[in-house]
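Here is the structure we will look at, set down as structure tokens.
The values are calculated or read from the model by the stated rules, or taken from the named source; none is laboratory data. Values in this document were obtained by computation on a predicted structure and should not be read as measured data. Counting neighbours? That spans all protein chains shown, and the Cβs are built from the backbone with ideal geometry, glycine included.
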Amino acid sequence: MKLFARLRSWFRWIVKPRQLENEMETEVRFHIESYTADLVCKGVPQPEAMRRARIDFGGIESHKDAIRASLGLRLWGEFVGTNPVGKTFHTEHTEELDDRYEIIGVCADAKYADLRDDPPPTFYVLYQQQKDARHGMTFEVRTSGDHGTLIGSIRAAVQSVDRDLPLIDVRTQTEQIKASMAPERLFAAVTSGFGGLALILAMIGVYGIMAHAVGRRVNEIGIRLALGAQASQVLRMVLGETAWLAGIGVAIGLAASLLLTQSLAAMLFGLKPTDPSTLAGAALLLFAIAMLAGWGPANRASLIQPMEALRHE
Amino acid sequence: MGKQIDLLQGTLDMLILKAVSLGPLHGYGVLLRIQQISGEQLEIQQGSLYPALYRLEHQGLIASEWGESDNKRKAKFYSLTAAGRRQLHSETEKWNRMAALIASILRTTSEEV
């Protein structure tokens, strides 16, 4: 119920910001006029009553601002559907200082602290107007030439501003991107490596088991062929057994991965641990590799000559 | 009239809920009623009234409707919702418990410790 009221309230602010702004204005003006009227009733002369009401109540705009702030609407509710350039706002930190920011332009959303997070509500401040640079500043220098030779001139430029100013952590954007993605890339490389290794092991395993099984059943297969079985039937039989083996392996693997990848969720981006196409793809690949591994023994079984097989013992 | 005292922080919401629980009121009416009930002893910052009203409405604790004031003017009237009534009830209880507790602490004499 409360949630519903909240959603409805937000919705109204998004859809009808103009109407709500007008209502707010009407309501606040009604307050001031009622207050003035009451003062007049108490014997205060009209002009003096109006003056006192305005002083006691404070600015209408500041009231409206406070209302928006109480709803968390100051930044965007105010600017929805309007051109924000030229308007001003302040933040929690600058409110007491009575410092206001003027909007001089609007830019697109951009990821900020973390690639995984949605772009946060962000405003950028001109660096010349930055009052607090305790944590240092990051400059982006664009060059078409060799960036190695550029560092010297950048350092010289910094030194010319202040000899004691250190220039640290110089890197190219490519390096920066690589560094910020390094854990993920390493993790992906390691897990792919292990995955590939597991696939090869599975292939060797399936091949070994099927070759062994066919080897042990040369006699039986020879008799089947002698009694009229077609080579293709033998082939299908051995492949069918391979498919069973692979199927059981895939089923166990899927169940295990559904359990284990839950703990991996934090490392994934834009992907759920239970992503159907990824799981299906991996299962299909494993199955195909197993069938490929089973093909050799199956083919060999179908080429068995009945006479040789019977003489085999 | 005694000396006016400032409102304790965090109690305005509770007082607004109480005021509109006695009948629908416009914003200015809320202010008047609280002052009237308190025997003109409570000073409410006018600047904090409307943010609180909008916040309470946003939270679904009060509802608003446009109507006509005594002086035939268009005004926004606030009334208590069911959720607001529950909230007022629990806040009142909490306040009474807290007040009793603080009072008993302040009454404590050295012999009792």
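Annotations for the structure displayed:
- When B:Ser38 is tested against (1) under 20 Å from A:Ser70 (Cα atoms); (2) surrounded by fewer than 20 Cβ atoms within 10 Å (Cβ to Cβ), just one condition goes unmet, and that condition is (1).
- Test: B:Ser110 is under 11 Å from the mean Cα position of the chain (by Cα) and farther than 20 Å from A:Val28 by Cα: no
- Filtered by the rule that a residue be within 23 Å of A:Ala53 (Cα to Cα), in contact (Cβ under 8 Å) with a residue 40 or more places away in the chain and crowded, with 18+ Cβ neighbours inside 10 Å, the stretch B:41-66 gives a lone residue, B:Ala52.
- Cβ-Cβ under 8 Å pairs, at least 6 apart or on other chains, the stretch A:259-283 side in contact (Cβ under 8 Å) with a residue 24 or more places away in the chain, far side of a type in the set (A, V, I, L, M, F, W, C) and surrounded by 11 or more Cβ atoms within 10 Å (Cβ to Cβ): A:Met267/A:Phe187; A:Phe269/A:Leu115; A:Leu279/A:Leu254; A:Leu279/A:Leu258; A:Ala283/A:Val250; A:Ala283/A:Leu254
- Only listed residue being at pLDDT 85 or above, surrounded by 10 or more Cβ atoms within 10 Å (Cβ to Cβ) and more than 30 Å from A:Gly270 (Cβ to Cβ), chosen from A:Val170, A:Val190, A:Val85: A:Val170
- Where B:Ser69 falls short, out of the listed (1) in contact (Cβ under 8 Å) with a residue 40 or more places away in the chain; (2) of a type in the set (Gly, Ala, Ser); (3) crowded, with 17+ Cβ neighbours inside 10 Å: (3)
- Residue match in the stretch A:101-118 (condition: assigned to a strand (DSSP E or B), modelled with pLDDT of 75 or more and either loosely packed, with under 10 Cβ neighbours inside 10 Å or out of contact with any Pro (no Cβ under 8 Å at 6 or more places or on another chain) (or both)): yes
- Considering (1) within 14 Å of chain B (Cβ to nearest Cβ); (2) assigned to a loop (DSSP other than H, G, I, E, B); (3) modelled with pLDDT of 70 or more, the lone condition that A:Glu78 does not fulfil carries the number (3).
- Elements of type helices (runs of 4 or more DSSP H) in the stretch A:200-313, at least 2 residues being modelled with pLDDT of 90 or more, exposed (fewer than 14 other Cβ atoms within 10 Å of the Cβ) and on the phi < 0 side of the Ramachandran plot: A:231-260, A:276-302
- Residues being within 11 Å of chain A (Cβ to nearest Cβ) and part of a helix (DSSP H, G or I) - total across the stretch B:81-97: 5
- Restricting the stretch B:56-80 to residues that are part of a loop (DSSP other than H, G, I, E, B) and farther than 19 Å from A:Leu71 by Cα, the residue that is farthest from the other protein chains (Cβ to nearest Cβ): B:Lys72
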